[in-house]
Amino acid sequence: MKKNTGFTSIELIVVIVILGIIGVVAIPKYYDMSTTSKENELKGQLGTIRSVLSLYYSNQALTAGTASYPATLTGSLFTEGEVPEEPYNSSTIVKASASSPIVIGDFDDDGGWIYDAVLGDVRADIAGKHSL
């Protein structure tokens, strides 16, 4: 006699239900981790830019006798030769602030950075991330 082997319909349904439950739990966790990762990368990039501005300011005070920030934020200030990319839109665009200090009207939330050359302040041009 030949014995049929395989899974029953009930066993397959149970496995599919278990995989569905795992998916329902795992997918939101993945998106939370992705959001947290981008925000942490943004904070790191801002820290890098602000450090470079601080070093430039200190160097100007020592060499030129008057401390000042660069008029524009360009890649020449960075070791890699380009402004760090913001992680949300992968933009390296730096827009000059229309006012000093930076105000809400300076943001259009299309990515990149907003730079205030008077105060040496730089912010992300990302909705909900202006205050970082």
For segment 65-80, enumerate the residues that are open to solvent by less than 50 Å² (accessible area, probe 1.4 Å) and assigned to a loop (DSSP other than H, G, I, E, B).
ALA67, SER68, PRO70, LEU73, PHE78
Boolean, TYR57 is at pLDDT 95 or above and either open to solvent by 80 Å² or more (accessible area, probe 1.4 Å) or of a type in the set (Asp, Glu) (or both):
yes
Given LYS29, LYS95, which one is on the phi < 0 side of the Ramachandran plot, open to solvent by less than 60 Å² (accessible area, probe 1.4 Å), among the charged types (D, E, K, R) and not in a loop (DSSP other than H, G, I, E, B)?
LYS95
Pairs only if they're at least six apart or on different chains, beta carbon under 6 angstrom, first in segment 98-114 and among the small types (Gly, Ala, Ser), second open to solvent by 70 Å² or more (accessible area, probe 1.4 Å); list them, first residue then second.
SER100/VAL118; SER100/LEU119; GLY111/ASN89; GLY112/ILE93
Taking only pairs six or more apart or across chains, which ones have beta-carbon atoms under 9 Å, a first residue in segment 40-64 that is under 15 Å from VAL122 (Cα atoms), and a second residue that is assigned to a helix (DSSP H, G or I) and not charged (D, E, K, R)?
ILE49/LEU77; VAL52/LEU77; LEU53/LEU77; LEU55/LEU77; TYR56/LEU77
For segment 98-132, how many residues are under 14 Å from the mean Cα position of the chain (by Cα) and either on the phi < 0 side of the Ramachandran plot or surrounded by 16 or more Cβ atoms within 10 Å (Cβ to Cβ) (or both)?
15
If you check LEU62, LEU46, which single one turns out to be surrounded by 10 or more Cβ atoms within 10 Å (Cβ to Cβ) and out of contact with any Pro (no Cβ under 6 Å at 6 or more places or on another chain)?
LEU46
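The values are calculated or read from the model by the stated rules, or taken from the named source; none is laboratory data. Here the structure is a predicted model, which is why all the values come from computation and not from measurement. Methodologically, a virtual Cβ is constructed for each residue, glycine included, from the backbone with ideal geometry; neighbour enumeration extends over all protein chains shown. SASA here: full protein model, heavy atoms, side chains in, ligands and nucleic acids out. Shrake-Rupley method; radii C 1.70, N 1.55, O 1.52, S 1.80 Å.
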